[in-house]
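Shown next, in structure tokens, is the structure this report addresses.
Rule-based calculations on the coordinates, nothing more; no lab input. Nothing here was measured: the structure is a model prediction, and the numbers come from that model. Note: ideal-geometry Cβ built from the backbone for every residue, glycine included; neighbour counts use all protein chains shown.
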Amino acid sequence: MIKSLKARGNQLANVKNQLKILNGSPFDGELPTFRDQLTKLGDFPMKPTNIEIFQINVGYMCNQVCKHCHVDAGPDRKEIMTKEYLQKCLDILEQTKIHTVDLTGGAPEMNPNFRWFVEEATKIGVKEIIVRSNLTIIRANKKYYDLPQFFKKHNVHVVSSLPYYQAGKTDAQRGDGVFKSSIEALQGLNEQGYGMPGSDLKLDLVYNPTGAFLPGNQSQLEMEFKRNLKKDFNIEFNNLFTITNIPISRYLDYLVASDNYDDYMEKLVLAYNPAAVKGVMCRNTISVDWDGYMYDCDFNQMLDMKVAAPSSQHINDFDIDALSKRSILINQHCYGCTAGAGSSCQGTVA
Amino acid sequence: MDKSYYDPKDLKKFGQIAEFEPKLAEKFFDWYGAVFEEGALTQREKSLIALAVSHAVQCPYCIDAYTEDAMQKGANEAMMMEAVHVASAIRGGASMVHGVQMMNKAKKLSM
């Protein structure tokens, strides 16, 4: 298993070096910057709408080390949100009209207070609880085997990555044996009713391209995944979300190391779709890191670009008015969310 | 002439063929776009056909373009290589089937 960029002492573990790449060639005159595009559109600075989704990154620890991971997550990452900050998030959810909590990581289930948090979120009536599960965590250790039952009990919406319906491409991106374990986990979720016709238990899959190319048509890929997973493994699921790989962290490292960076950025710029700008997820989402700081999205979190609301950058100072008036911070990585049909944690946006 | 007949950067300049003859180029690109839309065949099937034909006509620009296009549309390595085999089989078969013509002629000339 490979190690995180941080554990390897890779220069891209320092976000300053990532930003240096994103602000350098080909954006030093050859290609328009994302800011240029927004200015042309009359949408700079970009402003948020109502905050509807509270996306909490409960820790960077993960049982997998995926090659494209924008979090640089892995077993060697020890950053985990404390119970105190989880409680603070619950207080915010209770006091505001934010209807959706989106738990991500790392593997969010590895946070020791994960189940307690979900139980409490259910008690205070959060309308939708999303867990971004990597699937293999369910099969990683006996203590996680009953997660499908736990998810069912709390009507958790499960969103899981599966980049392909066969082992080769999946394991190439997510690690040896990940496909087999993911299939077992999906079958376990199906047994509980997840993703089954007529069931209210939602199971969505996320498709990320397994290389330096953009995702294809979401509905066509969904049909392909449904047909093959049913035929080969008798697996059912609800929706397939296609998500563009964002050129930061380990995916940026891959692009640079494979000499694909310039071509990939050009593809993103050529595929820029102004119609996707309106629906990008940073408009209605606040991303929280393990240490309680807030960001416009999970990608800005990884680039340490805290929300541009000086009086409300930490959950201890949460101020919905200040956050609503902020400007959304952008850089060239934002092209990833506006390419083609657009991309968000809920798939396409345009 | 440059040092090489083919430059990968020229693929991105495909649209510039309109510079010398805009009206026909417009018709060509409209038709080209329509050809690859979803129809009786899926877009991925069309992409794999395009990839196979790219090999038959030995167009390096087309091979680059339709390898990526097919991957984007969810094709895997096995599908793409099978498409190349189809192109190769037709190319090879086209030569072999002329063997019948050779045989016909040889038999006619022989005692």
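The number of residues in the stretch A:1-59 being part of a loop (DSSP other than H, G, I, E, B), farther than 30 Å from A:THR100 by Cβ and of a type in the set (A, V, I, L, M) comes to 3.
Considering only residues in the stretch B:51-66 that are within 25 Å of A:MET223 (Cα to Cα) and either buried (at least 19 other Cβ atoms within 10 Å of the Cβ) or among the charged types (D, E, K, R) (or both), the one that is nearest to the other protein chains (Cβ to nearest Cβ) turns out to be B:TYR66. A:SER258 - would you say it is closer than 29 Å to A:ASN10 by Cα and either within 14 Å of chain B (Cβ to nearest Cβ) or out of contact with any Pro (no Cβ under 7 Å at 6 or more places or on another chain) (or both)? Criteria met by A:SER258. Taking the condition crowded, with 23+ Cβ neighbours inside 10 Å and of a type in the set (Gly, Ala, Ser), does A:SER258 pass? Judged against the criteria, A:SER258 is not a match.
If you go through the stretch A:70-92 one residue at a time, do you hit one that is of a type in the set (Lys, Arg), assigned to a loop (DSSP other than H, G, I, E, B) and touching a Phe, Trp or Tyr at 6+ places or on another chain (Cβ under 6 Å)?
yes
Among all residues of the stretch B:7-16, there is at least one that is away from chain A (no Cβ under 14 Å), surrounded by fewer than 15 Cβ atoms within 10 Å (Cβ to Cβ) and of a type outside the set (D, E, K, R).
Scanning the stretch B:67-90 for residues that are over 12 Å from the mean Cα position of the chain (by Cα) and within 12 Å of chain A (Cβ to nearest Cβ) yields B:GLU68, B:ASP69, B:ALA70, B:MET71, B:GLN72, B:LYS73, B:GLY74, B:ALA75, B:ASN76, B:GLU77, B:ALA78, B:MET79. Exactly one residue out of A:LEU189, A:LEU214, A:LEU201 is among the aliphatic types (A, V, I, L, M), buried (at least 20 other Cβ atoms within 10 Å of the Cβ) and in a loop (DSSP other than H, G, I, E, B), and it is A:LEU214. Considering each residue of the stretch B:16-52, count those that are touching a residue at least 12 places away in the same chain (Cβ under 8 Å) and more than 20 Å from B:THR67 (Cβ to Cβ), and give that number. Going through the stretch B:16-52 one residue at a time, the tally reaches 1.
When we screen A:SER182, A:SER199 for residues that are more than 13 Å from chain B (Cβ to nearest Cβ) and either at positive phi or touching a residue at least 40 places away in the same chain (Cβ under 8 Å) (or both), the only hit is A:SER182.
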